[in-house]
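K.L.:
Just passing along the structure, written as structure tokens.
The values are calculated or read from the model by the stated rules, or taken from the named source; none is laboratory data. Note that the structure is a prediction, hence the values are computed from the model and not measured. Don't worry about glycine lacking a Cβ; one is built from the backbone with ideal geometry, like all the others, and counts go over all protein chains shown. Accessible surface areas use protein heavy atoms only, side chains included; no ligands, DNA or RNA. Shrake-Rupley method; radii C 1.70, N 1.55, O 1.52, S 1.80 Å.
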Amino acid sequence: MKLGRAALGLLLLAPLVVRAVEPISLGLALAGVLTGYIYPRLFCLFTECCGQKPSLSREALQKDLDSKLFGQHLAKKIILNAVSGFINNPKPKKPLTLSLHGWTGTGKNFVSKIIAENIYEGGLNSDYVHLFVATLHFPHASNITLYKDQLQLWIRGNVSACSRSIFIFDEMDKMHAGLIDAIKPFLDYYDLVDGVSYQKAIFIFLSNAGAERITDVALDFWRSGKQREEIKLKDIEHALSVSVFNNKNSGFWHSSLIDRNLIDYFVPFLPLEYKHLKMCIRVEMQSRGYEIDEDIISRVAEEMTFFPKEERVFSDKGCKTVFTKLDYYYDD
């Protein structure tokens, strides 16, 4: 603030001192003020800049998680503490690395979107948020060496341009084994890698791998008459990491990222129940401006399929398809 006032004062006084100062010297001084202080701040008023938000609002992130993510008490707590703590730490020792696991429709992609939106105004569309989809960007196993080189170059280039870059890897369960190990040096405890610091970057991995183990735990609690909110991270995390590490159909199969403990958090997303589907439908109705109709909410939720077949406890598609089913009832 003081520097801003000094800069403004220099601009106002310029006509008075112009005779006493060499024109070139004055021009350089003003240029220094403009480019070093005023211009970057004016520029960032009209376009998105790297690290535009110097800190993250824990309250805003919590509000988004509470109002948009349902049935995921473990994920909410981990994401809130991990992301807010990391962003507000001026000197992290390594990048934040999150691995999100669970069935389709449980909220993994949605959480990635929430994180991105709380760090950058553009969210997933920000120039500093990069999404990789395994089947789209790395389709051929025969090109794995090329993919490794391209991936390293892409990450190095983008972190060089913006230290607070976010990288999201979707469909990790479909990624070719060994490919993700190419980014291991960027996730480790190094101050610099080839002159570049990755310590403020964020890496998020999304995968269905380990979902069976998560479901087993959730089902055991349900059959024992316990509330799902009683499930603790310690009940799942270790078994989840081992399951993912040994899953031959996962991009993390025998990965050095797990072996070297470079994944900060394995975040389990529990399978969703009937009541959670109704919450998703209700929020979608509100977002479309519809009047809440509990009869339609119940009818949409009842159209979903559930498992196990006999007990019908969990939705097999989570909330993923409830939005399209809602269209049926409001089709003009």
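K.L.:
Evaluate the range 13-31: report whether one residue or more is at pLDDT 95 or above and assigned to a loop (DSSP other than H, G, I, E, B).
P.N.:
No: the range 13-31 contains no residue that is at pLDDT 95 or above and assigned to a loop (DSSP other than H, G, I, E, B).
K.L.:
Related question: I'd like to verify a number: residues in the range 276-301 that are touching a residue at least 12 places away in the same chain (Cβ under 8 Å) and part of a helix (DSSP H, G or I), how many?
P.N.:
Matching residues across the range 276-301 total 17.
K.L.:
Let me ask something else. Applying the selection to the range 209-253, what residues are outside any helix (DSSP H, G or I), in contact with an Asp or Glu (Cβ under 9 Å, 6 or more places away or on another chain), open to solvent by 20 Å² or more (accessible area, probe 1.4 Å) and modelled with pLDDT under 95?
P.N.:
Passing the criteria: Asn247, Asn249.
K.L.:
Something else now. Would you be able to say whether some residue in the range 157-175 is closer than 17 Å to Pro92 by Cβ and part of a helix (DSSP H, G or I)?
P.N.:
yes
K.L.:
Any residue in the range 177-202 that's part of a helix (DSSP H, G or I): show its pairings with residues that are among the basic types (Lys, Arg) at Cβ separation under 9 Å, as long as the two are six or more apart or on different chains.
P.N.:
Every condition considered, the pairs that remain are Asp181/Lys148; Ala182/Lys148; Ile183/Lys148; Lys184/Arg260; Phe186/Arg156; Leu187/Lys94; Leu187/Arg260.
K.L.:
Filter the range 60-80 down to the residues that are touching a strand residue (DSSP E or B) at 6+ places or on another chain (Cβ under 9 Å), more than 22 Å from Tyr274 (Cβ to Cβ) and open to solvent by 10 Å² or more (accessible area, probe 1.4 Å) and list them by number.
P.N.:
Selection gives Ile78 alone.
K.L.:
Hey, another quick one. Among the residues in the range 203-222, are any under 21 Å from the mean Cα position of the chain (by Cα) and of a type in the set (Phe, Trp, Tyr)?
P.N.:
There is at least one residue in the range 203-222 that is under 21 Å from the mean Cα position of the chain (by Cα) and of a type in the set (Phe, Trp, Tyr).
K.L.:
Further question: What do you reckon, is Leu98 in a strand (DSSP E or B) and surrounded by fewer than 19 Cβ atoms within 10 Å (Cβ to Cβ)?
P.N.:
In short, no.
K.L.:
Among residues belonging to the range 131-143 that are closer than 20 Å to Ile168 by Cβ and in a helix (DSSP H, G or I), point out the one that is nearest to the chain's Cα centre (by Cα).
P.N.:
Step by step, filter the range 131-143, then rank; the result is Ala134.
K.L.:
Shifting gears a bit: Looking at (1) free of Cβ contacts under 8 Å to residues at least 40 places away in the same chain; (2) more than 25 Å from Ile231 (Cα to Cα), which is the only condition Ser255 fails?
P.N.:
Unmet for Ser255, out of (1) free of Cβ contacts under 8 Å to residues at least 40 places away in the same chain; (2) more than 25 Å from Ile231 (Cα to Cα): (1).
K.L.:
Further, regarding this structure: Being touching a Phe, Trp or Tyr at 6+ places or on another chain (Cβ under 6 Å) and not in a helix (DSSP H, G or I) is the filter here; which residues of the range 254-272 pass it?
P.N.:
Matches in the range 254-272: Pro271 only.
K.L.:
I would also like to ask the following. Looking at Val267, Val322, Val283, which is the one that is among the β-branched types (Val, Ile, Thr) and open to solvent by 20 Å² or more (accessible area, probe 1.4 Å)?
P.N.:
Answer to the check: Val283.
K.L.:
When you look at Asp194, is it under 20 Å from the mean Cα position of the chain (by Cα) and acidic (Asp, Glu), yes or no?
P.N.:
Judged against the criteria, Asp194 is not a match.
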